[in-house]
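Read the structure below first, then the notes.
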Amino acid sequence: MLRNTLLWYVTKGVRVLAITLRDVAQKAGVSAMTVSRVLNGRDGVDNETRRRVEDAVKALGYFPSRVAYSRASRKTSTIGLVLRDIANPFYSILAHAAEAAARRAGYRVLLCNTEGDLRIEREYLEDFVLYGVEGLLLAPASDESRHSVLPLLRRGFPVVLVDNTLPGVDCDVLVADNVAGAKRLVEHLGTLGHRHIAHIGDAEDTFTGRERFQGYRDGLTALGIEYHEGLVFRTVVDQLGGYRAAQQILTLNPRPTAIFAVNNMTAVGAMQALRERQLSVPQDIALVCFDDLESLAVLSPFLTVIDQPAAMLGKLGTQLLLERISGKAGSRHQRITLQTELIVRLSCGAGLGAPKKQEFNIG
């Protein structure tokens, strides 16, 4: 028998109180079993009763609860997808691929956007577990996300991390090769003659921030360029963060000849700061970044990027999570690292000749 339980749904970050089948039965003046018969199109209900039930459903805005119907079997055919910044095209592509893969397998996806906030992330994880999702695909906000993830793993709850790893957490992980990609991007700048390359980076307590910074340093070493701490600017990895970091870079004297931004949104913010100073890319300063902006590239092939396989991360991450949910995955957790691609366009300064040589001293 269905329990008259208050269920909380997570829809675009808003909690919505769900009307239960028993509420419909009470309004229609019938039993919950009768409501169930009407909703499932079964015989044995007269037309007048059927009409009252249908009117009650419309009046209350009721829709059948997947959680309630599956309470006995513990199966909701639903997974949770928790991302850092859905406004970032990288995560939008990842989410689209994850949803498509889940739908093909008969699953639905509930999506939440944490904005990189640990408190919001923790609340969403708790909401999802209460809702009854069967597993989570998570792009962690930072290393501290482990405090929310570890209790779930100890209970045997399926979790797959995507785009980031967490220290001390043993679960399935899918990431891109950030170190190799960043190194390749910096080396490419070096082949164009750039020797003074600034880096707009993520916080040190994020996997991608550490990995791309390491690739930046490895690239400098490969080019025989001395590393200067004063050329690294860590920030929030969104457009405003990139804008503020670029403002700081432009106070350096002499000015760097190139900027390597940790992702596409920081690159957009950096571009805004450069244009406000009437500086042209790449004539005055080169700009490269991680992650392609496909929609902009179609209109104007401009940014030189390291392109991550966002769609593949979403697809494979979902498939691995579903294998873990079904018990088909092995006992050992997997760590899958996908390769990246260098896409050379105008912003790096290719074809413009080597930048003017400068003596660069950082105190």
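Residue count for segment 24-55, restricted to those that are at pLDDT 85 or above and part of a helix (DSSP H, G or I): 15. Filtered by the rule that a residue be surrounded by fewer than 17 Cβ atoms within 10 Å (Cβ to Cβ) and either hydroxyl-bearing (Ser, Thr, Tyr) or outside the structural domain of ALA59 (by TED's automatic domain parsing) (or both), segment 22-48 gives a lone residue, SER31.
Hey, any hits in segment 157-180 for a residue that's on the phi > 0 side of the Ramachandran plot, outside the structural domain of LYS315 (by TED's automatic domain parsing), surrounded by fewer than 19 Cβ atoms within 10 Å (Cβ to Cβ) and not β-branched (Val, Ile, Thr)?
Within segment 157-180 (the criterion being on the phi > 0 side of the Ramachandran plot, outside the structural domain of LYS315 (by TED's automatic domain parsing), surrounded by fewer than 19 Cβ atoms within 10 Å (Cβ to Cβ) and not β-branched (Val, Ile, Thr)), the answer is no, since none of the residues qualifies.
Restricting segment 182-198 to residues that are surrounded by fewer than 23 Cβ atoms within 10 Å (Cβ to Cβ) and farther than 11 Å from LEU220 by Cβ leaves a set whose member that is nearest to the chain's Cα centre (by Cα) is ARG184.
Residues in segment 229-251 that are surrounded by fewer than 20 Cβ atoms within 10 Å (Cβ to Cβ) and not in a helix (DSSP H, G or I): VAL232, ARG234, VAL236, ASP238, LEU250, THR251.
Among the residues examined, PRO254 qualifies as touching a Phe, Trp or Tyr at 6+ places or on another chain (Cβ under 7 Å) and in a loop (DSSP other than H, G, I, E, B). Among the residues of segment 199-211, those identified as within 19 Å of the chain's Cα centre (by Cα), crowded, with 23+ Cβ neighbours inside 10 Å and outside any loop (DSSP other than H, G, I, E, B) are GLY201, THR208. In segment 116-135, the residue that is nearest to THR318 (Cα to Cα) out of those that are assigned to a loop (DSSP other than H, G, I, E, B) and touching a helix residue (DSSP H, G or I) at 6+ places or on another chain (Cβ under 6 Å) is GLY135. Screening GLU226 on (1) touching a residue at least 24 places away in the same chain (Cβ under 8 Å); (2) part of a loop (DSSP other than H, G, I, E, B); (3) over 29 Å from LEU118 (Cβ atoms) shows it passes everything except condition (1).
Look through segment 56-65, keep the residues that are under 30 Å from GLY135 (Cβ atoms) and surrounded by fewer than 18 Cβ atoms within 10 Å (Cβ to Cβ), and return whichever of them is modelled with the lowest pLDDT.
Top of the filtered list is PRO64.
Selection over segment 185-215 of residues that are farther than 17 Å from ALA246 by Cα and aromatic (Phe, Trp, Tyr) gives a count of 1.
Tally up the residues in segment 300-333 that are among the charged types (D, E, K, R) and under 17 Å from the mean Cα position of the chain (by Cα), please.
Going residue by residue through segment 300-333, those that are among the charged types (D, E, K, R) are 307, 315, 323-324, 328, 332.
Filter again for under 17 Å from the mean Cα position of the chain (by Cα), leaving 307, 315.
Matching residues across segment 300-333 total 2.
Of the residues in segment 90-101, none is under 16 Å from the mean Cα position of the chain (by Cα) and assigned to a loop (DSSP other than H, G, I, E, B).
The values are calculated or read from the model by the stated rules, or taken from the named source; none is laboratory data. Computed from a predicted structure; not experimentally measured. Because the Cβ atoms are built from the backbone with ideal geometry, glycine has one as well, and the counts that use them run over all protein chains shown.
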